[in-house]
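See structure below.
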Amino acid sequence: MRGGKILVGGAIVTGVALLATPLVVPAVVSSLGFGPAGIAGGSWAASFMASYGGTVGAGSACAALQSIGAVGTFTGATAVASAGAVITGGGVVAAVA
């Protein structure tokens, strides 16, 4: 019976994560300094971009975060990757149960 409770709990957590992620992640990314007008000077995002040494490649973490900040939501591969992470987490809970 304990395994069933863990499975239900895991399903609830996965469902909440799927609903909350599109709202929470863009807000967090924006608070780090990634925004519609670009990366805010003096922010954590500016420091992160500087760590690339002036060459931020397409598909890099910095580019993906700026994409989220510019649009204010997940798009394309970012959404698929996020959904995959949540589904994988649910699978791990199911395997443990």
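Between residues in segment 14-32 that are in contact (Cβ under 8 Å) with a residue 12 or more places away in the chain and more than 9 Å from Gly72 (Cα to Cα) and residues that are part of a helix (DSSP H, G or I) and hydroxyl-bearing (Ser, Thr, Tyr), which pairs lie under 7 Å by C-beta distance while being six or more apart or on different chains?
Thr21/Ser82
Please find, within segment 13-30, the residue that is surrounded by the fewest Cβ atoms within 10 Å (Cβ to Cβ) out of those that are at pLDDT 75 or above and out of contact with any Ser or Thr (no Cβ under 8 Å at 6 or more places or on another chain).
The extreme case among them is Ala27.
Pick from segment 33-73 the residues that are under 13 Å from the mean Cα position of the chain (by Cα) and part of a loop (DSSP other than H, G, I, E, B): which of them is modelled with the highest pLDDT?
Per the criteria, the residue is Gly72.
Residues that are of a type in the set (Gly, Ala, Ser), surrounded by 11 or more Cβ atoms within 10 Å (Cβ to Cβ), at pLDDT 85 or above and outside any loop (DSSP other than H, G, I, E, B): does segment 74-96 have at least one?
no
The values are calculated or read from the model by the stated rules, or taken from the named source; none is laboratory data. Every value quoted in this text rests on a predicted model; they were computed, and no experiment measured them. For neighbour counting, all protein chains shown are included, and Cβ atoms are generated from backbone atoms with ideal geometry for every residue, glycine included.
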